[in-house]
Structures are given as C-alpha cells and as structure tokens.
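Have a look at the structure below before the remarks.
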Amino acid sequence: MKTDLNVNFAGIKLKNPVLTASGTFGYGYELADLISLNELGAIVTKTITLESCDGNLQPRIAEVESGILNTIGLQNIGVRAFIEGPLEKLSKIGVPVIVSVAGSSPSEYIETAEILSMKNGISAIELNLSCPNLKKRIICHDLRLVSEIVRGVKNVSKLPIIAKFSPLVTDIVEIVVVAQDSGVDGVTLANTYPAMAIDIETFKPKLSTFKGGVSGACIRPMSVRCVYDAYQSIKVPIIGCGGIMTGEDAIEFILAGATAVSVGSSSLVSPKNLIKIICEIKDILERKNIKSVKDIIGIVNKSLG
Ligand SMILES: Cc1cc2nc3c(=O)[nH]c(=O)nc-3n(C[C@H](O)[C@H](O)[C@H](O)COP(=O)(O)O)c2cc1C
C-alpha cells in the first residue's frame with residue numbers, strides 16, 4: 001500500500017511532514033545545488049531580526065558526543081534585506097516558506113512580523129521565543145511576554161503564527177497553553193538545550209560565549225517528551241524538533257503528537273539527510289500498511305493515556 005505523506009499544518013498544505021529547522025539551512029535557498037528543495041515539506045528560514053545582526057564571536061560551534069553545541073547568536077541580514085534578497089529566491093521554489101522571527105522586545109517581534117506579513121511568498125511565521133530579551137532573560141521564561149508577543153503579532157498579521165519554545169522551562173504545558181490561549185496557530189517543540197563543553201588541553205570553554213545550546217541525537221528523548229506532554233494539553237498542531245537523524249526518529253515524534261517535524265543537526269551533517277528521512281518515513285509506514293501519516297499522529301497518547 002502507498003502511504004499518503006500529506007499533512008495540513010495550521011492551514012498550510014505540506015506534501016510531507018519534514019521541514020528544515022531554523023538556522024541549520026541558511027535562508028533556505030542556498031543548498032539548491034545539493035538537494036531538490038521542492039521535495040521538502042516546507043523550508044523554515046534562519047531567524048530574522050528587525051536590524052541585521054553579526055552574531056557571536058568565533059568559535060561558535062563545537063562537536064560534542066552525539067550532538068552539536070552552538071552559539072551562533074542570530075547572525076542575519078535583517079528583515080528588509082531578507083525581503084529584497086532571500087525571500088525573492090525562496091518564493092520561486094514552490095515549497096511553503098516559514099520565516100523565523102526574533103527580537104529583543106515585543107515591539108521588535110511585532111514590527112518584524114508586520115513587515116514580513118505585507119509581502120507575498122510567506123506561508124507562516126515562526127516566533128523564536130527561545131532567545132534572550134533586553135534583560136538577558138529567555139523570552140519564553142516569562143509567560144506575560146509570550147502572551148504579549150503572540151497577541152501583538154496576531155494583531156498585525158493574517159499569516160499562521162507558530163511559537164517555538166526552549167525546552168528548558170519549568171513546565172512546557174503551562175507555556176504552550178498560554179501560547180494557544182493568546183492565539184497561536186501552532187507550536188514548535190523544541191529548540192536547543194542550554195549546555196557547555198570545556199577543552200581539557202587549553203582549560204578553556206569550547207565556545208566564545210562559554211555556554212551555548214546543544215542539539216542532535218543526544219537531545220531527542222527529552223524533546224519527544226515535550227511533544228508528548230504538549231499534545232495532551234493543546235489543540236493546535238505541533239512541529240516536533242530535536243535530534244531527528246532518521247525516518248524512525250521522525251516517526252517517534254509523530255507518534256508522540258507532532259503533525260510535522262523539523263530537522264536541524266542531521267541536515268548540517270548532510271542536507272541530503274532531509275530527503276533520506278522523507279523516504280524512510282514512507283518506507284516504514286508502507287511496511288506497516290499505514291494509509292496516511294495523519295493516522296499515526298499522537299497515537300501513543302491515545303493508547304497509553
Ligand atoms: C548551528 C545552529 C543554528 C541554529 N539557529 C537557530 C535559529 O536561528 N533559530 C532557531 O529558532 N533555532 C535555531 N537553531 C535550533 C534548531 O532550529 C533546532 O531547534 C535544534 O537544533 C534542535 O534540532 P536538531 O537536534 O535537529 O538540530 C539552531 C541550531 C543549530 C545547530
């Protein structure tokens with residue numbers, strides 16, 4: 001039996017549930033020579049801010065066991081340059097484009113989202129709520145800020161709004177419920193985990209900022225748990241993210257409750273892995289005689305309660 005991989009995420013039709021993860025696939029068009037981009041479910045861009053940002057000093061990446069530690073620091077060209085350059089190219093690919101947005105204050109998020117929403121070629125906005133605000137606190141650690149940003153962006157944009165959270169919160173359920181009550185159309189769970197690695201030859205931290213975020217296979221069980229917990233408490237769809245290296249890993253997130261998945265570190269290893277993951281999902285579901293990927297979303301919750 002052929003398995004149908006189509007899913008509908010917050011009104012966006014995806015030909016399969018596999019998305020790029022923000023920040024691990026550039027602006028989204030640069031890798032066209034390596035893979036056929038229109039085979040992807042959707043492209044999520046690196047995070048865009050109101051003004052351009054140089055990011056953090058090198059070293060910004062360190063390999064750790066089964067993962068990657070990064071402190072890129074939201075390096076990007078700013079929303080206006082993004083619209084003039086990358087967005088033009090992205091909108092010609094024929095795949096839904098989800099633009100990731102961040103700011104250091106609610107007004108920066110809202111203004112950036114408003115500028116983007118006036119343009120064609122964008123299917124949704126993903127609010128990266130995992131970055132620090134002006135007081136250096138992670139935005140999603142403050143429920144009032146989450147609500148203010150989501151409500152503010154919904155006021156200025158007709159696009160579906162997806163909120164992406166840090167997994168390092170006291171209660172992921174409390175936060176996704178606040179986001180849903182504030183009007184969000186979907187959530188992404190989750191971003192990297194705060195982490196650190198030290199070089200024992202130099203006695204120095206491996207990253208310029210000492211601490212960063214860890215991604216890759218080592219985080220997957222923790223992120224699967226975030227999706228499982230959230231699925232029981234919210235109605236809006238979930239993008240599962242964290243350590244997806246194979247089709248099996250993607251299916252694990254879907255069984256926990258994800259409607260779609262985003263793949264980061266694995267595509268840094270090789271962008272071709274994105275296509276491999278799509279094929280593996282199809283092969284596994286066909287082997288199990290599953291008619292549609294939609295049939296397995298969240299079924300672990302249904303069977304185990
Ligand atoms: C080098 C690098 C850069 C990233 N940049 C962003 C970013 O700009 N915005 C964002 O929301 N997440 C960013 N992330 C987090 C990823 O989108 C993803 O949430 C995380 O890496 C977990 O998925 P993975 O284990 O598949 O990599 C970045 C991750 C890496 C490794």
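Would you confirm whether any residue within segment 204-211 is open to solvent by less than 10 Å² (accessible area, probe 1.4 Å) and touching a helix residue (DSSP H, G or I) at 6+ places or on another chain (Cβ under 9 Å)?
No, the conditions are met nowhere in segment 204-211.
For segment 5-35, how many residues meet the condition of being open to solvent by 40 Å² or more (accessible area, probe 1.4 Å), more than 18 Å from the chain's Cα centre (by Cα) and at pLDDT 95 or above?
The qualifying residues number 1.
Which one of these is touching a residue at least 24 places away in the same chain (Cβ under 8 Å), more than 13 Å from the ligand (Cβ to nearest atom) and either within 21 Å of Asn273 (Cβ to Cβ) or under 14 Å from the mean Cα position of the chain (by Cα) (or both): Gly183, Gly247, Gly242?
Gly247
Examine segment 50-64 for a residue that is closer than 24 Å to Cys279 by Cα, outside any loop (DSSP other than H, G, I, E, B), of a type in the set (A, V, I, L, M, F, W, C) and without any contact (Cβ under 8 Å) to a residue 60 or more places away in the chain, and state whether such a residue exists.
Among the residues of segment 50-64, not one is closer than 24 Å to Cys279 by Cα, outside any loop (DSSP other than H, G, I, E, B), of a type in the set (A, V, I, L, M, F, W, C) and without any contact (Cβ under 8 Å) to a residue 60 or more places away in the chain, which makes the answer no.
Among the residues of segment 47-65, write down those that are within 10 Å of the ligand (Cβ to nearest atom) and open to solvent by less than 40 Å² (accessible area, probe 1.4 Å).
Thr47, Ile48, Thr49, Gly55, Arg60
Which pairs turn up if I take residues in segment 255-268 that are more than 6 Å from the ligand (Cβ to nearest atom) and of a type in the set (Val, Ile, Thr) and look for partners that are outside any strand (DSSP E or B) and open to solvent by 10 Å² or more (accessible area, probe 1.4 Å) with beta carbon separation below 6 Å, at least 6 apart in sequence or on another chain?
Short answer, once both residue conditions are applied: Thr259/Pro237; Thr259/Ile297.
Wholly within segment 66-165, which helices (runs of 4 or more DSSP H) include no fewer than the required count, namely at least 1 residues that are open to solvent by less than 70 Å² (accessible area, probe 1.4 Å) and closer than 15 Å to Lys46 by Cα?
In segment 66-165, 79-84, 86-90, 106-117 are the helices (runs of 4 or more DSSP H) which contain 1 or more residues that are open to solvent by less than 70 Å² (accessible area, probe 1.4 Å) and closer than 15 Å to Lys46 by Cα.
Restricting the search to segment 26-46, which residues are within 11 Å of the ligand (Cβ to nearest atom) and not small (Gly, Ala, Ser)?
Tyr27, Val44, Thr45, Lys46
Considering only segment 203-221, how many residues are in contact with a strand residue (DSSP E or B) (Cβ under 7 Å, 6 or more places away or on another chain) and either within 8 Å of the ligand (Cβ to nearest atom) or in a helix (DSSP H, G or I) (or both)?
Residues that pass the stated criteria total 6.
Just to be sure before I move on: is Cys226 open to solvent by 10 Å² or more (accessible area, probe 1.4 Å), touching a helix residue (DSSP H, G or I) at 6+ places or on another chain (Cβ under 7 Å) and either at pLDDT 95 or above or within 11 Å of the ligand (Cβ to nearest atom) (or both) in the structure I sent?
Spelling it out, Cys226 is indeed open to solvent by 10 Å² or more (accessible area, probe 1.4 Å), touching a helix residue (DSSP H, G or I) at 6+ places or on another chain (Cβ under 7 Å) and either at pLDDT 95 or above or within 11 Å of the ligand (Cβ to nearest atom) (or both).
Exactly one of (1) open to solvent by less than 20 Å² (accessible area, probe 1.4 Å); (2) over 20 Å from Asn6 (Cβ atoms); (3) not aliphatic (A, V, I, L, M) is unmet by Gly247. Its number?
(2)
The values are calculated or read from the model by the stated rules, or taken from the named source; none is laboratory data. Remember, predicted model here, so these are calculated numbers, not experimental data. Backbone-built Cβ (ideal geometry, glycine too); neighbour counts: all protein chains shown. All accessible areas refer to the heavy atoms of the entire protein, side chains included, with ligands and DNA or RNA removed. Shrake-Rupley method; radii C 1.70, N 1.55, O 1.52, S 1.80 Å.
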